[in-house]
1. With the requirement that a residue be at pLDDT 80 or above, in a helix (DSSP H, G or I) and either within 13 Å of residue 432 (Cα to Cα) or within 16 Å of ligand 1 (Cβ to nearest atom) (or both), what does segment 447-494 give you?
2. Of everything in segment 370-387, what is buried (at least 22 other Cβ atoms within 10 Å of the Cβ) and either within 16 Å of ligand 1 (Cβ to nearest atom) or closer than 20 Å to residue 444 by Cα (or both)? Give them in sequence order.
3. Could you pull out the residue among 304, 346 that is away from ligand 1 (no atom under 16 Å from the Cβ) and without any contact (Cβ under 8 Å) to a residue 24 or more places away in the chain?
4. Quick one: is residue 390 outside any helix (DSSP H, G or I) and either buried (at least 23 other Cβ atoms within 10 Å of the Cβ) or acidic (Asp, Glu) (or both)?
5. Scan 175, 141 and give me the residue that is more than 11 Å from ligand 1 (Cβ to nearest atom), of a type in the set (A, V, I, L, M) and in contact (Cβ under 8 Å) with a residue 60 or more places away in the chain.
6. Scan segment 54-73 and tell me whether some residue there is within 12 Å of ligand 1 (Cβ to nearest atom), at pLDDT 90 or above and not in a loop (DSSP other than H, G, I, E, B).
7. Could you please tell me which pairs satisfy a Cβ distance under 6 Å, a separation of 6+ or placement on different chains, a first residue in segment 385-412 that is free of Cβ contacts under 8 Å to residues at least 40 places away in the same chain and closer than 23 Å to residue 349 by Cβ, and a second residue that is within 16 Å of ligand 1 (Cβ to nearest atom) and acidic (Asp, Glu)?
8. Could you check residue 82 against (1) within 19 Å of residue 150 (Cα to Cα); (2) within 31 Å of the chain's Cα centre (by Cα); (3) within 14 Å of ligand 1 (Cβ to nearest atom) and say which number it fails?
Amino acid sequence: MLDGAARTSTTGTGNTVGARIVLTAPLTETIDHAGYFIQMSMASLPMWLEGIINRKYPHWRDLEYNQDGTARYMPAGVRVLETSLLRRFPASDIVCCYPADLDKFIGPDTRVVAVSTHNPLGVTFAAGVYTSIFGSTSQPINSHYARELFLQIKNNPHRANYQVMVGGSGGWQIIQTNSYEELGVDCVVEGRSESTATLDLFDQALRGERLPKQVDVPHPKSRDEILFPDKRTTFGVVEMTTGCGRRCQFCVPDLNPQIDLPKAKIMEAVRANVRDGNKQISLATEDMFIWGQVHTPTPFYFPNREALVDLYASIVDTPGVQEHVLSHSTIAPAVVDPVMIEQLTNTIIDKSPIHIPLLSSHPKKKALVPLIGLETGSIRMAKQIMPSKGVPFPIDEWQSVVIRGLEILNKHNWFPAMTLIVGSPGETDEDSKATLDLIYEVERRGLFAFFIPSIFTPLHDTRMEKQKGVTETRQLSPLQWQLMMKCWKMNLRPGQVSWWGPAAWRTGALGLWAWKLRKLNGPGFTWPLFMFASALPERLMGAMGKIHVGRPIQVKTRKELLATIKPHQWKFIREDAGDLPDGYTPSATPPSTFIPLTVSPA
Ligand code: B12
Ligand code: SF4
């Protein structure tokens, strides 16, 4: 049997028949080089700043192809969807292609074009906010390319024969903004492709029946139901866990069941990536530290050190894996088990493609940059929006957990990208001051994280879906602006080694303010921007009452923090990491507690 690509190319023109099912994703969500940060930048920068990306990465649009013209790599979501479809439909029906090649694969036989998208309209957190600072609320670079893709599908001459289905973590943006017609979308599927309900929709489309506008499909409940693609994924993304368990009110992924996936399947997907030419692997997770400790007798927030080190060692030691990057994690596990951080570092850092010369003590200046949610430094706010973020430590200790966690991470050359939420419902000036206090404490102690502030976005289906925070940058208070600007000022530290760097930033920021930003962002923006540009010393601006210079925080030691864990859970504390609380009695529990109970052999 011919495969889908061969079907389309039998005539040489490649467009007489078309594949019955065509899968694709926006170019900017598919590209597989220059690391995670290029996609993250394109999610945030407005289209008119695309030149920055073009200059830094002149080849960012270059893609790799299979011999038949299909896509060599696709975001993991597309690959899992393809794997799901292959359970019911023949390979000859399905094609995965890049947007530029759609016209080669869509033909009169095409009945469904399925688009997977992460963030098509840029209305999620940490995306819309930066474009809105620069004056366009609707057009981050990624959103431009996503719209371009939809337009292309809409204008294809065979459009009348097929329906357009959208899925992926950004599908909700189309529902919430009611952009069906504008983008030419027939159906948005919320949920995973493994579901038989998803396959039924494809059947319906192939029969030419009208699809419903919005469909919710269930998430698999067990680890065995989750499929792994046998093909290359963008950035070598391989799923590691679903769900989280910490129950933050604003979080979407936490609504999914907490599942850690079998090592054997993870490793197969890693090998498939390498086989298809990928040099890089990244495990997709909300919190890497829960893996190996889901549904074991130990609570998931006491990480399974041995299982994690074993998994990561197997990945980085796989022949062909030259680079490995971390995805998301939480910070409390670093305080719970610093020995685990040390062992993981020794295992993975040599394969990290990230270098931070000014900060790293690694001989080659390598660094590890997981994405970690800080969200707020205000205990009052944290209790409302994320009461379990720091477990096993009580949320009252959140500021100390962040500082001690960063200390441990930085010591081992982990410099996390930490997200902050600005403008949560009910956030007061006191809350902003508390967060600023924490950020200044980080600076005072010479610690480092890339702080990524974003404006609160009520995400669909979350426990905060109906709540409203700040909706435009003009509404931000001076303290909220200061927090955002202080974060970015601190982020620039490792890049400002040259003599001209600080001066260039200062002049650039002030020039941009005079030209455009002061009108767009309102009066609350002015002094924070002056602070960002170091126009005057911060102490002086503080004395003038123009900014809040963070107050020193009383930070608990690790030993004091361990003592705040509920005594009945002390048995889960690892003795070899030290700092045991007074009154701790050596555990009678044999080390086998920490054997990876849920891990299947590779
Ligand atoms: C890896 C990852 C990244 C990577 C790589 C992305 C890539 N292109 O491959 C990087 C770091 C670049 C990234 C960037 C961003 N990310 Co991201 N990312 C993830 C992460 C950890 C895993 C994504 C993944 O591959 N999962 C595995 C695949 C299999 O899952 P999936 O894509 O959801 O696909 C399943 C279903 O959605 C469905 N499906 C998918 N497509 C389709 C299509 C159809 C037609 C159908 C029927 C079904 C279907 O089936 C699949 C499984 O069966 C998720 C969290 C998570 N666990 O999902 C966050 C996540 C998706 N990212 C998020 C965000 C906010 C961003 C950024 C905006 C962050 C930023 N400010 O920079 C940017 C946006 C990037 C862009 N291009 O615009 C949010 C999305 C929130 C939202 N719902 O809007 C998430 C959920 C993280 C979070 N904790 O909230 N991300
Ligand atoms: S820790 Fe992160 S992934 Fe887990 S519930 Fe909170 S926000 Fe969601």
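The values are calculated or read from the model by the stated rules, or taken from the named source; none is laboratory data. Every value quoted in this text rests on a predicted model; they were computed, and no experiment measured them. Note that we place each Cβ from the backbone using ideal geometry, even for glycine, and neighbour counts take in every protein chain shown.
1. Within segment 447-494, 478, 479, 480, 481, 482, 483, 484, 485, 486, 487, 488 meet the criteria.
2. Filtering segment 370-387 for residues buried (at least 22 other Cβ atoms within 10 Å of the Cβ) gives 370, 372-378, 381-382, 385-386.
370, 372, 373, 374, 375, 376, 377, 378, 385, 386, listed by residue number.
3. Numbers: 304 fails: without any contact (Cβ under 8 Å) to a residue 24 or more places away in the chain.
Among 304, 346, only 346 is away from ligand 1 (no atom under 16 Å from the Cβ) and without any contact (Cβ under 8 Å) to a residue 24 or more places away in the chain.
4. Here the answer is yes, as residue 390 does meet what is asked.
5. On the way: 141 fails: more than 11 Å from ligand 1 (Cβ to nearest atom).
Exactly one of 175, 141 is more than 11 Å from ligand 1 (Cβ to nearest atom), of a type in the set (A, V, I, L, M) and in contact (Cβ under 8 Å) with a residue 60 or more places away in the chain, namely 175.
6. There is no residue in segment 54-73 that is within 12 Å of ligand 1 (Cβ to nearest atom), at pLDDT 90 or above and not in a loop (DSSP other than H, G, I, E, B).
7. That search, which allows pairs on different chains as well, returns nothing.
8. Here residue 82 meets the rest and fails (1).
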